[in-house]
Amino acid sequence: MGRRSNPFFAMMQRMRFIRRWPLMRNTLAENLQEHSLQVAVTAHALAVLRRTRFPVGPDGAPRVLPDPDRCAAMALYHDAPEILVGDLPTPIKYFNPEISRAYKDVEGVATRKLLAMLPDDLRPSFAPLLDPDRSDPAVAEAAALVKAADRLCAYTKCLEEGAAGNTEFRTAAKAIEATVRAIGMPEVDCFLEEFVPAFRLSLDELE
């Protein structure tokens, strides 16, 4: 008899059905699958920038240098639990610490459910992507880059909406830019200054 049909990757494909920014009027709707790819590209870039331009901290000590490919893979799965729990609007998700903790607990249950869908022999390869062990300094730094990339992608989404004439994201753009600048990573500041301005441009201007 053949192997049992496994649902894990079919579930991953359903990322495209999860709409982001559900309370906002969007010029172009964004789904979770699109967002995950954007975060993966950006997290990979941040890891490359760290290795290439910022391998040493301001104190002269070497910095932890996460593998760019691992950062990209972690980013692809960073919002996977939302396949099962949806994208809770930010005003609710962070309304108070109790709600935030409860939502994290629900995401943890969803993560374990997704991992349980994998065959036993594959689960150890995917668990570090869906549920990274942040007690490992290299993993913690990779996760921090993914989180920074997530914020950057939220900011560029706001800029793209503004460039399309949609004022709905104007306040969000200012608030998210402040959080990005407060991250305090030189590779994030570099990406913000060197690459983000182009997100305001039209196709003709990009060329």
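Please treat every number below as a calculation from the coordinates, not as lab data. Nothing here was measured: the structure is a model prediction, and the numbers come from that model. For neighbour counting, all protein chains shown are included, and Cβ atoms are generated from backbone atoms with ideal geometry for every residue, glycine included.
Charged side chains reduced to their Cβ positions (Lys and Arg at +1, Asp and Glu at -1) give the stretch 40-136 a dipole of some 300 debye around its Cα centre. If you look at the Cα atoms of the stretch 55-175, you get an Rg and a Dmax of 17.2, 50 Å. Only helices reaching 15 angstrom along their own axis (Cα) with mean Kyte-Doolittle hydropathy no lower than 1.6 count here, and not one DSSP H run of the chain does. Each residue in Thr167, Thr27, Thr111, Thr42 was given a count of other beta-carbon atoms within 10 angstrom of its own, and listing them fewest first yields Thr167, Thr27, Thr111, Thr42. In the list [x] -0.39, -0.69, -0.81; [y] -0.31, -0.57, -0.68; [z] -0.37, -0.63, -0.73, the label attached to log10 I(q)/I(0) by the Debye sum over Cα atoms at q = 0.09, 0.12, 0.13 Å⁻¹ as derived from the coordinates here is [x]. Net charge in the neighbourhood of Val39 (other residues with Cβ under 9 Å of its Cβ; Lys, Arg +1, Asp, Glu -1) is -2.
Put in order of Cβ neighbour count within 10 Å, fewest first, the listed residues Cys190, Cys158 become Cys190, Cys158. Taking a sphere under 15 Å around the Cβ of Ala198 and counting the other residues whose Cβ falls inside, with K and R at +1 and D and E at -1, yields a net charge of -4. Spatially, the stretch 162-195 and the stretch 30-78 are offset by 17 Å when compared through their Cα centroids.
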